1. How many of the residues in segment A:227-286 are part of a strand (DSSP E or B), out of contact with any helix residue (DSSP H, G or I) (no Cβ under 6 Å at 6 or more places or on another chain) and among the hydrophobic types (A, V, I, L, M, F, W, C)?
2. It is to be established whether one or more residues within segment B:222-231 are within 13 Å of another protein chain (Cβ to nearest Cβ), within 30 Å of B:T319 (Cβ to Cβ), surrounded by fewer than 23 Cβ atoms within 10 Å (Cβ to Cβ) and β-branched (V, I, T).
3. Filter segment B:211-223 down to residues that are touching a residue at least 60 places away in the same chain (Cβ under 8 Å) and in a helix (DSSP H, G or I), then give me how many there are.
4. B:G127: over 30 Å from A:V39 (Cα atoms) and small (G, A, S), yes or no?
5. Only residues that are under 18 Å from B:L211 (Cβ atoms) and within 14 Å of chain A (Cβ to nearest Cβ): list them for segment B:149-181, please.
6. Of all residues in segment A:146-190, which are touching a residue at least 24 places away in the same chain (Cβ under 8 Å) and acidic (D, E)?
7. Tell me, which residue of segment B:145-195 that is hydroxyl-bearing (S, T, Y) and surrounded by fewer than 23 Cβ atoms within 10 Å (Cβ to Cβ) is nearest to B:T114 (Cα to Cα)?
8. Restricting attention to segment A:68-79, does a residue exist that is touching a helix residue (DSSP H, G or I) at 6+ places or on another chain (Cβ under 7 Å) and either more than 27 Å from A:G211 (Cα to Cα) or within 14 Å of chain B (Cβ to nearest Cβ) (or both)?
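The values are calculated or read from the model by the stated rules, or taken from the named source; none is laboratory data. Note that the coordinates shown come from a computational prediction; the quantities given were computed from them, not determined experimentally. Cβ placement follows ideal geometry from the backbone for every residue including glycine, while neighbour counts extend to all protein chains displayed.
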Amino acid sequence: MTLLSVRDLTVQFQTDEGVVTAVDGVSFDLAAGEILGLVGESGSGKSVTAKSLMQLNGGNAIYGGPGKITLSPRGQDPVDVLGLRRERHMGVIRGGAISMIFQEPMASFAPALTVGQQMVEQLRIHTDLSRRAARDLSVEMLTRVGISDAVKRFDQYVFEFSGGMRQRAMIAMALSTKPALLIADEPTTALDVTIQAQVIDLMKNLVAEFGMGILFITHDLGVIAQTADRVAVMYLGKLVETGAVRDVLRHPAHPYTRGLLAALPQLDDLTAPLIPIPGDIPGPLDRPAGCVFHTRCAQAVKGICGMTVPSVTQVTATHHASCFALEVPA
Amino acid sequence: MTAPLVQVRALGVHYPLGRTVLGRGAVLKALDNVSLDIPKGSFFGLVGESGSGKTTLGRAILKAAPISTGEIRFDDEEVSHDVARLRGRALKDYRKRAQLIFQDPYAALSPRMTVRDIIAEPLEVMGLTSSRMETDARVRDIARKCRLNLEHLRRYPHAFSGGQRQRISIARALVSTPSFVVADESVAALDVSIQADILNLLKSLQRDLDLTFLFISHDLSVVAHTCDQVAVMYLGQIVEQAPVADLFARPRHPYTRALLSAIPSLDPDAARTAQRLTGDIPSPADPPSGCRFHTRCPVARDRCKTEEPKMEDVSGGGTVACHFWKETLPA
């Protein structure tokens, strides 16, 4: 069942230097119980895409013409996310059907309130639980994510938590409202590998238990390989490749995905050279015409890649990429 | 075996905690009894979780952290320094031989100086050149070696991407022709496509300029691809040290094994290794008794709680500090 459908999402920002395109014609689906990995380097538009799902991009964001985001939680009417105009209607999505966890858990908790107060507050806003029931549920959630002595931890402040515990508490808080969709924006990036492995295990168990969909944003292909069912690769606001995680990592079709994999140090061959992708990511104000990747692509064909935008080509039934090299010559 | 450039013996870096629940005069031992040889011309990796003391060790060697106990010796062809006792002119001399590249290329460069002035500043501060022309020549030379576009020397850092900024930081660190460079998480803030480029640059600079690197990183795959020797740290101590291929093929310390098994594999079907560390790294202000790793160690026994393990030499040139490494080694 499709939980989230994004069609032709285009997001631009009005800035002093001009209009900047952050997301350009992005389409994807996410099913309930599925983890979709959204991969890309800084500036690729992955966070803007995620924030669009809750209209959190700020006042200077312009959502382009035909773009449509539809959220269909089980047993509820579908929500046209970009059609929501008033702040007071946003509660349906923000913290209601969608929860989000962030990279830096220290910055996401208020330092002067106890963790428990913050968990109860959001439950009181989004559910009709009594204060006591909200407290009981919060303690239960803290226990569920593996925080021992949750009754005591409930009354502590976030500075008393370690990094891994903060991220667990944030996950507990995000899941306590039973969202249909969880957006996880680089949730393990600030953590040590040993703690990262614990958080990844936890998130996979929670999907199995709660059945929500997860949009998992990261720049780390290894984390994607270990968590996601499907993966979408972004570059400069474009989705360049999507598919089942096995297909994309084993048989990458887009030159950018292949470049990312070649640049990544891997442990099975320590002597393999690290091959960087040539050049730098172009600035937001000088987006290349044609295929956005052609300025750094070794396979770019003169007169084609710099002129026209490649269309989405089917590699297999569940694997798609946008590159002229894949298109069958007419 | 080449002679060590840096010899660290029983090094301790202690910070007073003041009056706390632990009683007056308590100290936080950021480093406790660390011994290490960094061979001349090596690319020496230092790995461990946050709070393990990697950065403190790098800084202590540069005399940028207070050395409480122990000794650090630095011997390149020209001079021999007893780092803990350096002061005055000798310390200035040491500063041009031992340099640091920082993690965040956005925070490390002054936004109000041109790239040329940023790279030239160490030369001017240390008085290494006698004329502006000489300074300019040195700046252009190192900029070229770091593959910077000479046209860019007149610009300000804001005009550059993360990868280019890190090249500027590297040029600034190398302009005084050091023989030893500490690179502290120098690629951690970069995107993978750029990270590979900077790693390749560091390796080629090491060869061309005859440098010795101490490469501090939390990313074991990066270390595996760049370094030739690796030391693994846990709570202010080195628990294992070995040549890189040996360490990754035959990790002997249970902590090293746990770290390696926690790296997410690119193969979605990779067997999920059972070795999960539970809990977090304990506070260095109150480290566990005996072996410091025993609270999280999957193979800890009673002896580990009371008796601190000694560093033992192992075949292949490495060392390990674990009572039971021989018995717990997987077949």
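1. Of the residues in that region, 3 qualify.
2. Scanning segment B:222-231 turns up no residue that is within 13 Å of another protein chain (Cβ to nearest Cβ), within 30 Å of B:T319 (Cβ to Cβ), surrounded by fewer than 23 Cβ atoms within 10 Å (Cβ to Cβ) and β-branched (V, I, T).
3. Residues meeting the conditions: 2.
4. Against the criterion (over 30 Å from A:V39 (Cα atoms) and small (G, A, S)), B:G127 qualifies.
5. B:Q166, B:R167, B:I168
6. Within segment A:146-190, A:D155, A:D185, A:E186 qualify.
7. B:Y156
8. Scanning segment A:68-79 turns up no residue that is touching a helix residue (DSSP H, G or I) at 6+ places or on another chain (Cβ under 7 Å) and either more than 27 Å from A:G211 (Cα to Cα) or within 14 Å of chain B (Cβ to nearest Cβ) (or both).
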